[in-house]
Amino acid sequence: MSSGAPPLGVIASLYRHRGLVAMLVVRDLKARYRGTFFGYLWSLFNPLLLLAVYAAVFTWVIPARATSDVPYPIFLFAGLLPWLFGSGALLDSAIVLADNGPLLKKVVCPPEVFPAVTVLSHLVHHVLALPVLLAATAVAAGMGLMRFPWTVVLAPFALVLWVVAVSGLALAVAALAVHFRDLKDLLHNLLNLVFFATPIIYTLDRIPVRLLRRLIQANPVTPLIEVYRDVVLLGVLPSLLMWAWAAAVALVCWLAGVWVFSRLRETIAETV
Amino acid sequence: MSERPAVRLTAVSKRYPMHTPRGRLHSLKGALLHGELWRARQVGEGFLALDGVDLEIGRGETFAVIGPNGSGKSTLLKLVAGILRPTAGSVEIDGRVTALIELGAGFHPEISGRDNAIINGMMLGLSRAEVLRRLPEIVEFSGIGPFLDQPVKTYSSGMYVRLGFSVAVAVEPDVLVVDEILAVGDEAFAHRCLDRIARLQRRGTAILLVSHDLGLVEQLAQRALYLRGGTPVMTAPAGVAVARYRSDVAGEEAGAGAPAGSARRWGNGAVSLDAVDLVDGAGRSLRMLSSGESAAIRIAYTVRVPQEDFVFGVAINREDGGPVLGTNTELDGWTAERLAGSGEIALEFPRLELAPGRYLVDAAVHAKGGLAYDYACEALAFTVTAPVGWPGSYAPRHRWTPRGPAMSPPPG
């Protein structure tokens, strides 16, 4: 007897159902702001308000500086955006199959579609927030607070790596959460830990203890976030080694996620 | 029939794992590390919901699954729909399957009926363009017209179900799996559903139907599988399977427990049918007759426990299971008074106008409520011959009268 679908089957199925995935992403976006007065503008307002709060707090309440050449609120914002995209997608993945239980049990529907939709709809929100970051950067550059990072043209590459890693993890989380309901709560705390173990609210060179710095450098999420922020905000061209490392992490996450999912795929409809 | 069946189940069993947190963790570990999820479960943990089911459904055939609650009907349906995988055995489906298990399952309350219809259609296997092409038909059939662009949370439950049904049948599946859906909606919509199902039947869609409405099963299905406790009791023409099920239920209600019996013959034995014969006018036994001859079906019986509530019934079926005639003494207006000793009863046909072919006869004696004293399937087989090989099963005397076309009559 088979012990699960072949991993390639999961990928092929996602490709075959790309039309459905696209429709479901649109459905998610439509449903999310349905009935609100500002509608899609919230995708813009949310990051804008977040930035405003950070700017206010870290300019007047606790004046903080992360690096010498970038205002701290923008620095924090540039790290938080990809993190919120990733952690939001993973947290939703942990419940997406349970939420769509009726579809899995009553309609014939491929389960891999749902984590993919979750990641993509979070990605859409993320991409909609990027102009806010760019505008803030441009304004700060115009005020002479920093140089405008022309490396931003490389942002799509950094983003692709991050999306690949998040998608793989989302597949694994979705399938595992069906069998292991505790995962949702576990994940919440785990993400909290990883958040502080990744240079998002600080930079690596500000860590006083050498050993701790090494540890945080070894955190696999670190290269992905660093590469992203380097090109989007800091105007630093990451080294080839850095790119390779980030790419390797992304690939391993993706492969592991697809493997876990394909192993558990056949049991999802009857367990969920 | 030479073509492949639309659905073929071979020795299918389904075992559900018991849902305990530890069991889940254990199976998760097994699946990830050793890929042993299925093997481990086959050894015998969990609940065996379906055991050793063989089934073939041809194109254009409507097949029903009947049985008491918890007999594995829905599990069987989900296996055919591809929602579940069998623990053992194989499920082969030829073509596109659509499941009407819960209408409107997975509609998103916040988005419009139109978007939900499109997404539902795509889940059922259509492309976006195909759904859009069929959308006018879906809207027309569901009758939700002006509400199409309202979020479905504002729909009444009837509208919800109508939209779900409309989308599912618009897919024009090769295999349609239906679970009790016709119980919903008002009378008018139920009729339209039946019309639509009849259209699919003519198109060649194989339909697998689960219903507790036994009248509907007899009306729609040609054959039926009677399940009890996950095990098949019999696969037979729908009328026969329904009669068996009714008899079992009546027996249980009378406190006798489920009557024993084979798939061909069952009953509580209060009366037994000794012989079922086809005889000609002179009382001679026949195996072959020509269409339109007179004949009678003669049933000889012996009574062990005298009865005051009894009905004799006869059904004639084509060899492929298609019903031709079914009648009984109750339908024909006879009132039962007393049945004791032994005797004979005959159902006489002055002209048995059947099309040529082989026919099988079921005979039964049962209580009015359906409890079988003795029910014998295929108690008799006979062959009808005719000079012309008319298709179908009814061949009455007939004559052409051309009032215009210039034609010469057949010789003789």
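The values are calculated or read from the model by the stated rules, or taken from the named source; none is laboratory data. Here the structure is a predicted model, which is why all the values come from computation and not from measurement. Cβ placement follows ideal geometry from the backbone for every residue including glycine, while neighbour counts extend to all protein chains displayed. Remember, those area values only see protein heavy atoms, side chains included, never the ligands or the DNA or RNA. Shrake-Rupley method; radii C 1.70, N 1.55, O 1.52, S 1.80 Å.
Side notes on the structure shown:
Let's see how each residue does on (1) modelled with pLDDT of 90 or more; (2) of a type outside the set (Lys, Arg); (3) under 25 Å from residue A:15 (Cα atoms):
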residue: A:187; (1), (2), (3): yes, yes, no
residue: A:204; (1), (2), (3): no, yes, no
residue: A:228; (1), (2), (3): yes, yes, no
residue: A:234; (1), (2), (3): no, yes, no
residue: A:252; (1), (2), (3): yes, yes, yes
residue: A:264; (1), (2), (3): no, yes, yes
residue: A:267; (1), (2), (3): no, yes, yes
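- In this entry, residue A:74 passes the filter for residues that are within 24 Å of residue A:226 (Cβ to Cβ) and in contact with a helix residue (DSSP H, G or I) (Cβ under 7 Å, 6 or more places away or on another chain).
- Among the residues listed as A:197, A:174, the single one being within 14 Å of chain B (Cβ to nearest Cβ) and either of a type in the set (Gly, Ala, Ser) or within 27 Å of residue A:63 (Cα to Cα) (or both): A:174
- Residue in the range B:96-113 that is closer than 14 Å to residue A:109 by Cα, more than 8 Å from chain A (Cβ to nearest Cβ) and in contact with an Asp or Glu (Cβ under 6 Å, 6 or more places away or on another chain) present: yes
- When residue A:122 is tested against the conditions (1) surrounded by fewer than 23 Cβ atoms within 10 Å (Cβ to Cβ); (2) in contact (Cβ under 8 Å) with a residue 12 or more places away in the chain, the lone failure is (1).
- Residues considered: B:353, B:319, B:337. Of these, the only one that is at pLDDT 90 or above and in contact with a Lys or Arg (Cβ under 9 Å, 6 or more places away or on another chain) is B:353.
- Lone qualifier among B:142, B:156 - being open to solvent by 10 Å² or more (accessible area, probe 1.4 Å) and away from chain A (no Cβ under 14 Å): B:156
- Residues of the range B:217-242 that turn out to be aliphatic (A, V, I, L, M) and in a strand (DSSP E or B), as a count: 6
- Qualifying positions in the range A:257-267 - facing another protein chain (nearest Cβ under 10 Å) and open to solvent by less than 10 Å² (accessible area, probe 1.4 Å): A:264, A:267
- One residue from B:195, B:213, B:174, B:186 being in contact with a Lys or Arg (Cβ under 8 Å, 6 or more places away or on another chain) and acidic (Asp, Glu): B:174
- Matching residues, the range A:207-234, being among the basic types (Lys, Arg) and closer than 24 Å to residue A:152 by Cβ: A:229
- Which listed residue, of A:214, A:206, A:210, is in contact (Cβ under 8 Å) with a residue 40 or more places away in the chain and open to solvent by 40 Å² or more (accessible area, probe 1.4 Å): A:206
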